[in-house]
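Structure first, then comments.
The values are calculated or read from the model by the stated rules, or taken from the named source; none is laboratory data. Owing to the predicted nature of the structure, the values given are computational and were not obtained by experimental measurement. Heads up: the accessible areas ignore ligands, DNA and RNA and are worked out on the full protein's heavy atoms, side chains in. Shrake-Rupley method; radii C 1.70, N 1.55, O 1.52, S 1.80 Å.
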Amino acid sequence: MIKLIASDLDGTLLHNGAQELTPYTIDVIRRITQKGIHFIAASGRQYDNERRLFAGMEDEISYIAENGSLCVHKGEVISRGIIPDDLAYRIMHEIKKEPGYEIVASREDTCLIEDNDPEFVNHIVNVMHNTTEIVDDITKVRGPFLKLAIANMHSHDLGPYLRHLQEMFSPAVKVVTSGNIWIDFIVPGYNKGTALQKMMDLFGVKPEECMAFGDQYNDVEMLELAGQGYAMSNAAPGIAGHARYVTDSVEEVLEDVLAGID
């Protein structure tokens with residue numbers, strides 16, 4: 001029997017750039033929790049942002065935020081990972097050499113950005129509705145940092161620059177895409193899979209009792225850990241190979257879970 005379900009957000013529960021969950025999605029997740037199944041929102045997004053997405057039932061679920069750097073259950077931090085300051089600043093200085101890329105430095109209380117690109121600032125502040133602080137020079141801000149991310153609002157061809165960053169900073173930090181415009185730098189030893197394991201330990205859940213959904217390379221460890229891992233049918237190339245199943249719709253699979261209980 002499934003006792004825990006973890007799902008990525010962007011590209012998985014949120015489609016085509018959507019920044020709000022549909023009423024139907026909220027309803028089916030609420031029905032899942034009412035059956036005693038733990039539901040975890042597992043995202044590269046900040047914790048505050050995730051809670052806003054689930055407004056109305058935000059205290060009924062648990063959270064994996066910042067790609068696994070922060071795990072929260074009922075307001076209590078279960079685990080927290082930090083990028084070493086010297087590594088964070090080296091990454092930020094390197095990014096500043098490449099035109100077109102904007103940096104998001106995530107702390108537990110806020111995310112920090114510069115006011116360079118109005119489209120990017122609007123996306124973070126008014127589209128994603130992140131808790132945000134705008135600074136003059138991001139390399140001068142203080143940590144600790146849960147995650148670094150970069151975005152290129154004007155190009156989806158991240159491959160060459162991604163490989164450059166991986167060559168420069170691996171294995172000190174994991175560098176992965178987390179969407180069409182995003183590259184994330186994930187705390188060493190932390191990812192959605194390690195975070196999911198923390199939650200499974202907290203709830204006493206075995207892998208075969210766990211279901212997970214994802215669509216990007218930052219979901220790989222989570223999909224591999226769950227006994228029933230589902231890659232989205234439009235997932236990034238190769239992601240389906242890390243999952244047991246492929247689906248077009250998280251909600252349809254959740255309905256099947258509910259039907260099996262009823």
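The table below gives the values:
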item: Semi-axis lengths (Å, descending) of the ellipsoid that matches the C-alpha gyration tensor of segment 1-99; result: 30, 17, 10
item: Cα Rg over Rh - segment 1-51, Kirkwood; result: 0.97
item: Per residue accessible area of segment 189-262, 1.4 Å probe, in Å²; result: 43
item: Rounded, prolate or oblate (a/c below 1.5 giving rounded, otherwise prolate when a/b exceeds b/c) for the chain by Cα gyration tensor; result: prolate
item: Where segment 1-78 is the region considered: accessible area per residue in Å², 1.4 Å probe; result: 39
item: Between helix 85-95 and the chain: long-axis angle, C-alpha atoms, 0 to 90°, nearest 10; result: 70
item: Binned Cα-Cα distances of segment 206-262, short to long, each 10 Å bin given as a whole percent; result: 28, 53, 18, 2
item: Y190 accessible area, assembled protein chains, probe 1.4 Å, Å²; result: 70
item: More than 16 angstrom apart: percent of Cα pairs within segment 60-144; result: 58
item: Of E20, E221, E119, the one that fluctuates the most in a GNM where the chain has Cα springs shorter than 10 Å; result: E119
item: Accessible area of segment 1-111 belonging to carbon and sulfur atoms, whole % at 1.4 Å probe; result: 48
item: Prolate/oblate/rounded call for segment 30-182, Cα gyration tensor, a/c under 1.5 rounded; result: prolate
